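Student: Here it is, the structure, as structure tokens.
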Amino acid sequence: MSDDVMSLSASEIAADVRSGKRSALSVARASLAAIAAKDGPGALGAFLTVDAEGALAAARTVDDALAAERAKGTSEATLAERFALAGVSVAVKDAFTTRGLRTTCASKMLEAYVPPYDAHVVGRLRERGAVIVGKTNMDEFAMGSSTENSAFYPAKNPWDTTRTPGGSSGGSAVAVSARLSHLSLGSDTGGSVRQPAALTGIVGFKPSYGRVSRYGLIAFASSLDTVSPFAANVRDAELIHSAIAGHDPHDATCVDRPVDRADFSRGAKAIEGVRIGVPKEYFAEGMDPAVGASIREALAKLERAGAKLVELSMPHTSYGIAAYYVLAPAECSSNLARFDGVRYGLRKGADKGSIDELYGRTREAGFGPEVKRRILLGTFALSEGYYDAFYGKAQKVRTLIRQDFDRAFEHVDVIATPTSPVPAWKLGERTSDPLAMYLADVCTLPASLAGLPALSLPTGTVRSGDAGSALPVGLQLVGRAFEEPALFETAYAVESLLGTLRCP
Ligand code: GLN
């Protein structure tokens with residue numbers, strides 16, 4: 001029974017709950033039952049905190065509010081907008097503040113932190129009738145590509161539990177892939193939603209920089225961070241994105257532009273005449289041949305359905321990693337300065353020694369090795385005499401990468417690439433080699449640096465190398481800035497042609 005409910009799409013759940021065919025309470029119970037059956041620290045490791053009590057209370061509130069609206073005779077259309085996510089279960093990355101609910105960022109530093117306020121997007125989800133079932137596992141402070149940098153336990157890929165689900169929003173990807181929740185929220189700074197979506201066979205969507213408020217998202221790299229959802233299909237991704245997007249005066253980088261909805265009525269036909277740019281640099285060495293073949297096959301199918309493939313060159317692609325791994329650590333070193341044992345979270349030995357010693361003790365105990373590595377790298381890159389050579393130079397490279405996209409969009413409507421050069425790798429395989437971990441981000445970093453909307457959706461599964469089990473492959477589609485509706489429409493057409501995946 002609970003499995004059936006968890007198989008439905010978010011839009012079906014919301015419509016059922018609005019019409020009274022199904023209660024929000026029954027949906028919340030189904031999600032909590034799935035979590036209890038499949039999740040836990042030694043199992044999938046998707047959640048750091050499950051909020052059963054809060055979820056049941058929220059579901060009852062939604063049911064009561066809807067009953068009151070129905071009694072008043074409120075129209076279906078009004079309800080569909082106000083309760084766009086009625087009763088839909090949502091898992092939230094532990095990087096978003098949730099009022100009264102522990103928010104750790106998967107760090108010892110915030111192990112006991114209970115925020116007094118909701119992140120803007122969490123508030124939006126609640127207003128639209130969504131039910132938050134818990135907070136998900138991640139790489140500490142969102143730094144990583146495998147969720148193994150969690151200070152608590154790693155998340156595991158439901159397709160093969162000896163493998164990583166990707167990261168840093170791995171727990172949120174697992175929640176949707178294993179159908180523990182209908183939707184989830186992650187954050188994507190350099191690929192942290194698109195990459196785990198690809199590795200777990202679901203849809204991950206990163207909006208344009210500035211499209212969604214980050215108020216209450218614990219900051220990692222402020223010129224790159226975006227609020228990005230996961231869903232089992234493209235329509236559901238659009239549904240949650242449009243529920244959370246839009247202006248918020250609490251985030252100065254959040255733009256005040258209307259949020260247009262996508263029109264899915266043309267279905268697969270929307271692919272006809274679409275010019276799809278295929279940049280050769282994304283199919284370079286280091287890519288798993290099976291991934292390359294799956295992407296090529298998918299593109300050929302789109303061409304047969306009427307798309308026009310345009311071979312491109314985006315010459316600065318390979319500099320994305322070097323630029324990102326200067327900029328992101330630099331910004332993180334500045335953002336994470338606030339965790340000093342005085343204001344938030346952990347405090348180590350406040351009763352002895354100087355204030356500097358308090359900082360030192362707290363940060364030594366509170367941060368894990370990858371976070372420390374980033375703070376050291378970033379502090380170095382920003383230090384006097386090196387700023388121009390590192391940070392300044394990386395900013396220039398960033399401009400060149402953005403110009404590659406600008407030039408490409410003169411000739412094409414969307415750009416298609418693999419999301420990850422490899423399918424899910426074994427847990428532990430890259431943990432001792434930070435550079436190998438960084439290289440996994442090669443396909444997602446350029447769109448982040450350029451601030452463009454991008455979405456990953458599955459092309460199918462492959463059995464590659466040592467993999468006994470079938471593993472998902474993701475196709476990344478990158479669109480023009482603030483043209484999210486067009487990107488969703490193209491993605492929906494692609495999904496109609498390629499199908500969705502369901503973890504066995
Ligand atoms: N893997 C990248 C990093 O480690 C991206 C992380 C992210 O998008 N949050 O920084």
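The values are calculated or read from the model by the stated rules, or taken from the named source; none is laboratory data. Bear in mind that the values here come from a model prediction, so they are computed numbers and not experimental data. Here Cβ is always computed from backbone atoms with ideal geometry, including for glycine, and neighbour counts include all displayed protein chains. With ligands, DNA and RNA removed, areas are computed over all heavy atoms of the protein, side chains included. Shrake-Rupley method; radii C 1.70, N 1.55, O 1.52, S 1.80 Å.
Student: Taking the C-alpha atoms of the chain, how large are the radius of gyration and the largest Cα-Cα span, Dmax, in Å?
Tutor: 21.6, 71
Student: Once the Cβ-Cβ distance between R99 and D4 is put in as r, and R0 is 41 Å, what FRET efficiency do you end up with, to the nearest 0.05?
Tutor: Taking R0 as 41 Å, the efficiency between R99 and D4 is 0.80.
Student: Can you give me the convex hull volume of the Cα atoms of segment 180-244, divided per residue and expressed in Å³?
Tutor: Taking the convex hull of the Cα positions in segment 180-244, it is 87 Å³ per residue.
Student: Moving on to the next point. At a 1.4 Å probe radius, which order do W425, W159 fall into by accessible area, largest first?
Tutor: Correct descending sequence by accessible area is W159, W425.
Student: If we count GluC sites (Glu not before Pro) as exposed when they sit in a DSSP loop and have at most 12 other beta carbons within 10 Å, what is the longest stretch of the chain that avoids them all?
Tutor: Segment 1-271 is the longest.
Student: In what sequence, largest accessible area first, do K301, K93 appear using a 1.4 Å probe?
Tutor: K301, K93
Student: For segment 1-134, what size does the Cα cloud have along each of its three principal axes, sorted from largest down, in whole Å?
Tutor: Taking the Cα atoms of segment 1-134, the three principal extents are 50, 33, 20 Å.
Student: If you don't mind, another one. So with the 1.4 Å probe, I'd like the accessible area per residue for segment 415-504, rounded to whole Å². Kindly include the intermediate steps, with their values, before the conclusion.
Tutor: On the way: 2740 Å² over 90 residues.
Per residue, segment 415-504 has an accessible area of 30 Å².
Student: Once you have a ≥ b ≥ c as the square roots of the Cα gyration tensor eigenvalues for segment 413-504, tell me rounded if a/c is under 1.5, and otherwise prolate or oblate according to whether a/b is larger than b/c.
Tutor: oblate
Student: Between H250 and A36, what is the spin-label point distance in nm, taking each point 7 Å from the Cα along the Cα→C-beta axis?
Tutor: 3.3
Student: Still on this structure, I have one more. State in Å² the accessible area per residue of segment 167-251; use a 1.4 Å probe, count heavy atoms of protein chains only, and round to the nearest integer.
Tutor: Accessible area per residue: 13 Å².
Student: While we're on this one: How much accessible area per residue does segment 18-163 have, counting only protein heavy atoms and a probe of 1.4 Å, in square angstrom? Walk me through the numbers before you get to the answer.
Tutor: On the way: 5180 Å² over 146 residues.
On a per-residue basis, segment 18-163 sits at 36 Å².
Student: So what does R29 come to for accessible area, using a 1.4 Å probe and Å² rounded to 10?
Tutor: 130
Student: Once neighbouring chains are kept in place and the probe is 1.4 Å, which whole percent of the accessible area of the chain is contributed by carbon and sulfur?
Tutor: Ligands and nucleic acids excluded, carbon and sulfur reach 53 percent.
Student: L376 to R70: FRET efficiency via 1/(1 + (r/R0)^6), r the Cβ-Cβ distance, R0 60 Å, to the nearest 0.05?
Tutor: 0.55
Student: Something else: In the full protein assembly as shown, how much of T399 is accessible to a 1.4 Å probe, in Å² to the nearest 10?
Tutor: Taking all protein chains as shown, T399 has close to 50 Å².
Student: Can you bin segment 107-225 into rounded, prolate or oblate? Criterion: square roots of the alpha carbon gyration tensor eigenvalues sorted a ≥ b ≥ c, rounded for a/c under 1.5, prolate for a/b above b/c, oblate for the rest.
Tutor: rounded
Student: Please list L32, L487 in order of solvent-accessible area, largest first, computed with a 1.4 Å probe with all protein chains present.
Tutor: Values: L32 25, L487 5 Å².
Heavy-atom accessible area, descending, gives L32, L487.
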